[in-house]
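The structure appears below as structure tokens.
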Amino acid sequence: MGNPAAFCHNYPLQATAVDRASPASHSAAMRFIHTADWQIGKPFRNFGEKDGVLRQARLSAIEAIGRLAAQEGAAHVLVAGDLYDNDAPAPKTLLEPLERMRAFPSVHWHIIPGNHDYHRGNGLWDRAAAPGLPANVVFHLAPEPVALGEHAVLFPAPLRRRSEVNDLTDWMDAAASADGLIRIGLAHGSVTGFGTDGEANNPIAADRAKRAGLSYLALGDWHRTMQVNAATWYAGTPEADRFNSQEAGQVLLVDIAGPGAAPAVTPRRTGAFRWLAQAEELAGAEDLAAVEQRLRNHADLSNLLMRLTIKGTLDLTARAGLSSRLQSLEAAMFWLEANLEDLHARPTMDDLEKIDFGGVLREAAEVLKGAAENPASSAAERRRAEEALVQLFIMAKDAKVQAA
């Protein structure tokens, strides 16, 4: 693994080996920020040209954390794993987060490897440290207690493989520290028996904080903020990255009054984007305006990513009106992903006459109507017929407008 001291030598006052013989001079309150799962370099290929914007937002979140720490007087930021999205980032990707952290010299950043960026010999952590780390950045690559300022001691549990069979926080139970110090754990994995189906298959005992006498156990892996018990929290990701998870990126501002004191934990938003999943049901044209207004009532539409599911049944006139409204909303939002699989189009006689009173177009519409309503057809076939019918209606409508 290499000598972990090599990664701490440039930060002697805040990250030195704990003196277990002499007690701390006096106890004091501790304020720090807990964060995790930055996954710098994460691709967003399904978002087309927006991919680069979302990647950049993850770097900007680091600057938001630095500003928050400086404003709140939090001298330390604990990063509980998965700083990077993979264990072989490109050279520029490797250095970008370090440079963002360097820009906040009064803030000390403490980082452990997670399952995405686990530590291995001559791996990314050695590469990142080779040119010299910023003076305020520490990689904790060994399970050793380290002084966290004057009044606390940090117990890191870095991952050395993507998946660990054993609980890497076990060692904290027997790890000694001087009297009067606040004990803080830092780990990445899944709390056993808590239903935490996170990404990392790395077990962590739910009562680790109690067993090890920790005032706080800072965890990473889940991409949404979650409290396990009074002293154990998942921070979530500082910039949200998926639907049906954390709506907006945030970190945890943690205050501990002294050794043995319960932590006071305050979530603070750091993410620029919001990710929402929303469902709507339509019964007719009269519902369209209300649904659109509900969607537009969301704050900061230009930074909103939405997965919208619409169910119900509409005639072709209303269905065409919905398409027009969705186009406007797509332009207003950063990203709109509409799922219309359970929205059915049922043409009225007036709809068919708007396509054509007779002739080829009317015949095509009648054929598609029959296919859409044929119970012998598969759901996919009926769906394709409905979509074709809607497109035919819109084309016929547009052609009449142009002719006029």
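Descriptive notes on the structure:
- Here the Gaussian network model covers the chain, with springs between Cα atoms less than 10 Å apart; of 357, 334, 393, 357 fluctuates the most.
- The value of relative contact order for the chain, using C-alpha pairs under 8 Å at least six residues apart, is 13 percent.
- In terms of Cα atoms, the Rg and Dmax of the stretch 295-376 work out to 16.1, 48 Å.
- 315, 37, 221, 351 arranged by Cβ crowding within 10 Å, fewest neighbours leading: 315, 351, 221, 37
- When the chain is reduced to its Cα atoms, the Kirkwood hydrodynamic radius in Å: 24.0
- Annotated for the chain: lysine pairs at least 8 residues apart or interchain, Cα distance under 28 Å, count 12.
- 3J(HN,Hα) along the stretch 132-147: x, 6, x, 4, 9, 10, 10, 9, 9, 10, 9, x, 9, x, 9, 5 Hz, from the Karplus curve 6.51 cos²θ - 1.76 cosθ + 1.60 with θ = phi - 60°, whole Hz, x for Gly and Pro.
- Summarising the strand pairing of the chain, around 30 percent of its internal DSSP beta bridges are antiparallel.
- Amide H to amide H distances under 5 Å link residue 311 with 280, 281, 282, where only residues 5 or more positions off or on other chains count and H is placed in the peptide plane.
- Gaussian network model of the chain, springs between alpha carbon atoms under 10 Å - residue of 356, 173, 255 with greatest fluctuation: 356
- Selected from 376, 290, 178 as most flexible by GNM, with the chain as the system and alpha-carbon contacts under 10 Å: 376
- Proximity of backbone amide H atoms, modeled 1.01 Å from N, is registered between residue 250 and 237, 239, 270, 271 at under 5 Å, excluding neighbours fewer than 5 places apart on the same chain.
- Surrounding net charge for residue 306, when Lys and Arg each add one and Asp and Glu each subtract one, Cβ distance under 14 Å: +1
- Dimensionless Rg over Rh [the stretch 57-96; C-alpha; Kirkwood]: 1.03
None of the figures in this text is laboratory data; all of them are computed from the coordinates on show. This is a predicted model, so every value here is computed, not measured. Neighbour counts are summed over all protein chains in view; Cβ atoms, including those assigned to glycine, are modelled from backbone coordinates with ideal geometry.
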